[in-house]
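Notes for the one structure printed next.
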Amino acid sequence: MSSTEEMSHREIEQFLTCGRIGRLGICMEDGPYVVPVGYAYAEGKIFFHTCNTGMKIKGIKRSPNICFEVDEALSDVSMFKSVIVFGTAEIIDDKQKMIPYLQKLIDKYRTPVGFEEYMKRPGRDRESELKAVRICVITPRKMTGRKLVRGNGNF
């Protein structure tokens with residue numbers, strides 16, 4: 001037997017920490033816009049990098065109230081987990097303030113090396129990349145999580 005259950009706050013935080021791709025929902029002038037992003041979760045905040053121009057930045061500047069979603073399901077959807085976060089997004093454009101966030105993203109998605117070492121790799125241009133990138137930090141207001149659990153409680 002299966003049933004849908006609320007996830008505990010601890011389960012939500014663990015799921016956000018381990019998730020690979022989230023979906024950012026923002027309000028644009030002509031309606032909602034949802035886009036997948038690679039992200040990290042640490043110290044109660046969700047963050048991702050983006051270019052300093054484009055729809056995400058434009059939408060967040062227009063309205064910093066966002067919705068963020070992460071999910072995981074088996075192909076037949078017989079088991080799933082989903083977390084939805086309502087929060088406020090802030091854009092960080094100070095180069096020195098961005099580096100700790102970029103380091104956490106490197107640690108999650110790349111071979112963990114220090115930021116400066118990573119930027120010395122072939123094809124990288126530290127200054128132009130820092131000029132082009134921005135960090136978006138989401139402060140959650142409300143987080144909900146649900147999971148479909150089989151009779152034995154395992155996912």
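Could you tell me whether GLY145 is under 24 Å from LEU16 (Cβ atoms) and touching a Cys at 6+ places or on another chain (Cβ under 9 Å)? Write out each step before concluding.
Values: under 24 Å from LEU16 (Cβ atoms): yes; touching a Cys at 6+ places or on another chain (Cβ under 9 Å): no.
No: the conditions fail for GLY145.
Name every residue in region 58-91 that is of a type in the set (Val, Ile, Thr) and either crowded, with 17+ Cβ neighbours inside 10 Å or touching an Asp or Glu at 6+ places or on another chain (Cβ under 8 Å) (or both), in order of residue number. First the steps, then the outcome.
Taking region 58-91 first, the residues of a type in the set (Val, Ile, Thr) are 60, 66, 70, 77, 83-85, 88, 91.
Result: ILE60, ILE66, VAL70, VAL83, ILE84, VAL85.
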Taking region 1-22 and keeping residues out of contact with any Phe, Trp or Tyr (no Cβ under 6 Å at 6 or more places or on another chain), surrounded by 11 or more Cβ atoms within 10 Å (Cβ to Cβ) and among the β-branched types (Val, Ile, Thr) leaves ILE12, ILE21
Quick one: in region 16-55, of everything that is out of contact with any Lys or Arg (no Cβ under 8 Å at 6 or more places or on another chain), in a strand (DSSP E or B) and free of Cβ contacts under 8 Å to residues at least 24 places away in the same chain, which residue is nearest to GLU69 (Cα to Cα)? PRO32
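Would you mind finding the one in PRO122, PRO100, PRO112 that is part of a helix (DSSP H, G or I), over 22 Å from ASN65 (Cβ atoms) and not basic (Lys, Arg)?
Working: PRO122 fails: part of a helix (DSSP H, G or I); PRO112 fails: part of a helix (DSSP H, G or I).
The conditions single out PRO100.
With more than 20 Å from ARG146 (Cα to Cα), touching a strand residue (DSSP E or B) at 6+ places or on another chain (Cβ under 8 Å) and of a type in the set (S, T, N, Q) as the only criterion, which of THR88, THR53, THR17 stands out?
Numbers: THR53 fails: touching a strand residue (DSSP E or B) at 6+ places or on another chain (Cβ under 8 Å); THR17 fails: more than 20 Å from ARG146 (Cα to Cα).
Going through THR88, THR53, THR17 in turn, the sole match is THR88.
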Only one of PRO100, PRO122 is modelled with pLDDT under 95, surrounded by fewer than 17 Cβ atoms within 10 Å (Cβ to Cβ) and within 16 Å of the chain's Cα centre (by Cα), namely PRO100
Residue among GLU117, GLU129 that alone is at pLDDT below 90, out of contact with any helix residue (DSSP H, G or I) (no Cβ under 6 Å at 6 or more places or on another chain), more than 23 Å from LEU24 (Cβ to Cβ) and not small (Gly, Ala, Ser): GLU117
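The values are calculated or read from the model by the stated rules, or taken from the named source; none is laboratory data. Because the structure is predicted, anything quoted here is derived from the model rather than measured. In this analysis, Cβ positions are derived from the backbone assuming ideal geometry, glycine residues included, and neighbour counts consider all displayed protein chains.
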